[in-house]
Amino acid sequence: MENLPILFTGLRLCLLETGDKIPLLKINDKKMKDSEKSFSVTCRLLISLLLFPIPVSQAQVIEMSARELTKESTAVLYGRCSKVKSEWNEKKGIIITCVTVVPEEYIKGNLGSEVILTIPGGQVGDIIYEVSDMPFFAEGEEVIAFVWKNPAGKNLITGGSQGKLKIEKDRKTGKRMVEGAGKMIDTEIQNQVPGQVKKAEKMLLEDYVIKLKGYMKN
């Protein structure tokens, strides 16, 4: 259970007078935008009870390297997003987005031929719930996903927005590249050797997969 709070790395936190750390949930209503009004509310929506059954007070914001993401995840995969659907939760308290990913390959673990990811936030009608630092998925895009299955059986993204990387084809070579992969590797290098020259943020998919598989051996 000590490692569970790492799943809250994607949520912006604030400190109340009670000393409890809670997620900062920004709510934007298009109708309110029309009247040039906007607001942010900080409230106890108990996301931890609805999606993450662990004490919210344990949540932390942590920058994670690719090695750490791999270690903390139940599964690591790359594949294509086949469906993205936002809906209210059962209690109509928050909006969640369910993302269906069809894995091309599992780098770690195996969650089956289809994986449904649960992401806090989304849009239903004119109501938009934005949860800070949560990843955005689009139908048809190829991604690498670091996934953690919580005790309730929901598949969550490890490390918030850090746990989802987009795969795109290079226009010149036609080879698939992982956006932001080099930066994540740099996080690991910088922790070991301060001042190390940074690499390009993109990496060949094949090279990045080899790198992640290497983390599982060490």
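Taken as Cα centroids, the range 87-117 and the range 125-157 sit 7 Å apart, rounded to the nearest whole angstrom.
Rounded to the nearest Hz, the phi-derived 3J(HN,Hα) couplings of the range 128-137 under the Karplus curve 6.51 cos²θ - 1.76 cosθ + 1.60 (θ = phi - 60°) are 10, 9, 10, 9, 3, 6, 8, x, 10, 10, where x marks glycine and proline.
Between Glu90 and Thr74, residue separation times 0.36 nm minus the direct Cα-Cα distance comes to 3.2 nm.
Amide H to amide H distances under 5 Å link Glu141 with Cys81, where only residues 5 or more positions off or on other chains count and H is placed in the peptide plane.
Can you pull a Stokes-Einstein diffusion coefficient for the range 49-178 at 25 °C (0.890 mPa s), Rh from Kirkwood over Cα pairs, as a whole number of µm²/s?
On the way: Rh = 15.4 Å.
After rounding, the answer is 159 µm²/s.
The label point for Ser82 and the one for Asp133, both projected 7 Å from the Cα toward the Cβ, are 3.2 nm apart.
Using 0.36 nm per residue and subtracting the Cα-Cα separation, the extra length available between Met216 and Asn110 on full extension is 36.7 nm. Taken one residue at a time, the phi angles of the range 82-96 give Karplus couplings (6.51, -1.76, 1.60, θ = phi - 60°) of 9, 7, 10, 9, 9, 7, 6, 6, 4, 8, 6, x, 9, 9, 10 Hz. Gly and Pro are set to x. Between amide H atoms placed 1.01 Å from N, distances below 5 Å from Thr158 occur with Phe146, Val147, Trp148, all of them 5 or more places distant or on a separate chain.
Remark: the range 153-168, residue by residue, has Karplus-estimated 3J(HN,Hα) of x, 8, 8, 10, 7, 5, x, x, 5, 5, x, 10, 10, 8, 10, 9 Hz, where x stands for each Gly or Pro and the curve is 6.51 cos²θ - 1.76 cosθ + 1.60 at θ = phi - 60°.
Pairs spanning more than 22 Å between alpha-carbon atoms, out of Lys169/Lys202; Lys83/Lys164; Lys83/Lys202; Lys85/Lys108; Lys172/Lys217: Lys83/Lys202; Lys85/Lys108; Lys172/Lys217.
The numbers here are math on the coordinates, done by the rules we state, and not lab data. No experiment lies behind these values; they were computed from the predicted model shown. Here the Cβ is made from the backbone with ideal geometry for all residues, glycine too, and neighbour counts use every protein chain on show.
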